[in-house]
Amino acid sequence: MRHLIDPLDFTVEEIDSFLDLADKIVENPKKYSHVCDGKKLATLFYEPSTRTRLSFEAAMLNLGGSVLGFSSGQNSSAAKGESVADTIRTVSAFADIAAMRHPKEGAPLVASMFSRIPVINAGDGGHQHPTQTLTDLMTIRSLKGRLGDMTVGLCGDLKFGRTTHSLIKSLARYKGIRFVLVAPEELQVPDYISEGVLKANGIPFKMVTRLEDVIGELDVLYMTRVQRERFFNEEDYIRLKDSYILNAAKMELAREDMIVLHPLPRVNEIAGEVDSDPRAQYFNQVQYGVYIRMALIIKLLELEVD
Ligand code: NCD
């Protein structure tokens, strides 16, 4: 039985096979509409979510399966002090596969150790978010036709933004990738990313504070919000929250074929005027997320589809 806890739990070849399956689902969704008949997905969400939870639920429903779960720790026995280990042992009796989001780093990993069903990390604290990364990979591959040989800029809260950590780890495995990390110094990527992933693997990258200076170099610009809920004090959040605002004037400095992605939710970091720019792809990105989660569910449940 396989779980998806860390973006590197699957090889590049396995990830390619997920992406290939997701592409096939896009071409012929009807063919897959009963693949999960009789199967159940549990969504165990201890932290707020709109896209990830509903995208998982839509994915399972599209496959003919059903869903059960909770959307806040307050609605579950976690509020009574139950451990994730005991919760997943219980859920293993009700469902065939589970997606878990938790404010504590490592909680889905712990769950996977006690689970009798595949566990998917749907975001653990400021750590990782591997299914957002699968979504991002599918979006980039679909729109740019490749995953290597490109300059990817990540902008915003690179310290607490788990989506950026997972995306960097994953993209670092492809040839010809170069990163431009745009953040206030206090919100730059953690050392385990800059040293442990980038320097250790000889991946070219630079850290800058001004988006205007580098936007013209980018093939992909990945914007992120400042992660208010992970700050220790509100003053720091208020001081840093509007560090970057992508607007039409900045977009004029970018290449014609650059794409703008964002895991969403957006707060202030992309002005509404950018939404009508054809390079703005963040709402299409949401759609790719459903297809790749359908592919992931099929793969983790080891279902046969020709
Ligand atoms: C992200 C998350 O939860 O990490 N949202 C998402 O799943 N698409 C990004 C964020 O909350 O900023």
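The values are calculated or read from the model by the stated rules, or taken from the named source; none is laboratory data. Not measured: the values here are computed from a predicted model. Heads up, the Cβs are rebuilt from the backbone with ideal geometry, glycines too, and the neighbour counts pull from every protein chain shown.
Among the residues in segment 109-127, are any assigned to a strand (DSSP E or B), of a type in the set (Val, Ile, Thr) and under 21 Å from the mean Cα position of the chain (by Cα)?
So in segment 109-127, the residues assigned to a strand (DSSP E or B) come out as 119-124.
Now narrow it down to the ones that are of a type in the set (Val, Ile, Thr): 119-120.
Still in the running and under 21 Å from the mean Cα position of the chain (by Cα): 119-120.
Yes: segment 109-127 contains one or more residues that are assigned to a strand (DSSP E or B), of a type in the set (Val, Ile, Thr) and under 21 Å from the mean Cα position of the chain (by Cα).
Given SER112, SER17, which one is at pLDDT 95 or above, exposed (fewer than 15 other Cβ atoms within 10 Å of the Cβ) and hydroxyl-bearing (Ser, Thr, Tyr)?
Values: SER112 fails: exposed (fewer than 15 other Cβ atoms within 10 Å of the Cβ).
The conditions single out SER17.
For segment 123-144, what are the residues that are touching a Phe, Trp or Tyr at 6+ places or on another chain (Cβ under 7 Å) and small (Gly, Ala, Ser)?
GLY126, SER142
Under the condition of being crowded, with 21+ Cβ neighbours inside 10 Å and within 16 Å of the ligand (Cβ to nearest atom), which residue from segment 282-306 is nearest to the chain's Cα centre (by Cα)?
The selected residue is GLY289.
So that you can scan it fast, the table gives a plain yes or no per residue for (1) β-branched (Val, Ile, Thr); (2) closer than 21 Å to VAL214 by Cβ:
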position: LEU253; (1), (2): no, yes
position: MET258; (1), (2): no, yes
position: ALA271; (1), (2): no, yes
position: ALA280; (1), (2): no, yes
position: VAL286; (1), (2): yes, no
position: TYR291; (1), (2): no, no
position: MET294; (1), (2): no, no
position: LEU301; (1), (2): no, no
position: GLU304; (1), (2): no, no
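Considering only segment 254-266, how many residues are surrounded by 14 or more Cβ atoms within 10 Å (Cβ to Cβ) and on the phi < 0 side of the Ramachandran plot? Show your work before the answer.
Taking segment 254-266 and keeping what is surrounded by 14 or more Cβ atoms within 10 Å (Cβ to Cβ), we get 254-255, 258-264, 266.
Narrowing the set further to residues that are on the phi < 0 side of the Ramachandran plot leaves 254-255, 258-263, 266.
Count: 9.
Tell me which residues, restricted to segment 153-194, are assigned to a strand (DSSP E or B) and not aliphatic (A, V, I, L, M). Break it down stepwise before answering.
Of all residues in segment 153-194, those assigned to a strand (DSSP E or B) come to 153-155, 177-182.
Those that are assigned to a strand (DSSP E or B) and not aliphatic (A, V, I, L, M): GLY153, CYS155, ARG178, PHE179.
Kindly state which helices (runs of 4 or more DSSP H) lie completely within segment 202-306 and contain at least 2 residues that are basic (Lys, Arg) and at pLDDT 95 or above.
282-300
I'm told THR139 meets every condition in (1) away from the ligand (no atom under 15 Å from the Cβ); (2) touching a residue at least 12 places away in the same chain (Cβ under 8 Å); (3) within 25 Å of ARG255 (Cα to Cα); (4) surrounded by fewer than 24 Cβ atoms within 10 Å (Cβ to Cβ) except one. Can you identify the failing condition by its number?
Checking THR139 against (1) away from the ligand (no atom under 15 Å from the Cβ); (2) touching a residue at least 12 places away in the same chain (Cβ under 8 Å); (3) within 25 Å of ARG255 (Cα to Cα); (4) surrounded by fewer than 24 Cβ atoms within 10 Å (Cβ to Cβ), the one that fails is (1).
Any idea which of TYR244, TYR192, TYR237 is of a type in the set (Phe, Trp, Tyr), out of contact with any strand residue (DSSP E or B) (no Cβ under 9 Å at 6 or more places or on another chain) and farther than 22 Å from LEU134 by Cα? Break it down into steps so the answer makes sense when it comes.
Details: TYR244 fails: out of contact with any strand residue (DSSP E or B) (no Cβ under 9 Å at 6 or more places or on another chain); TYR192 fails: farther than 22 Å from LEU134 by Cα.
So the residue among TYR244, TYR192, TYR237 that is of a type in the set (Phe, Trp, Tyr), out of contact with any strand residue (DSSP E or B) (no Cβ under 9 Å at 6 or more places or on another chain) and farther than 22 Å from LEU134 by Cα is TYR237.
Out of segment 46-99, which residues are away from the ligand (no atom under 14 Å from the Cβ), free of Cβ contacts under 8 Å to residues at least 40 places away in the same chain and within 17 Å of GLY289 (Cβ to Cβ)?
Listed by number, the residues that qualify are LEU61, VAL67.
Determine if segment 90-100 includes at least one residue that is within 27 Å of ILE140 (Cβ to Cβ) and of a type in the set (Gly, Ala, Ser).
Step one: of segment 90-100, the residues within 27 Å of ILE140 (Cβ to Cβ) are 97, 99-100.
If we keep only those that are of a type in the set (Gly, Ala, Ser) too, we end up with 99.
There is at least one residue in segment 90-100 that is within 27 Å of ILE140 (Cβ to Cβ) and of a type in the set (Gly, Ala, Ser).
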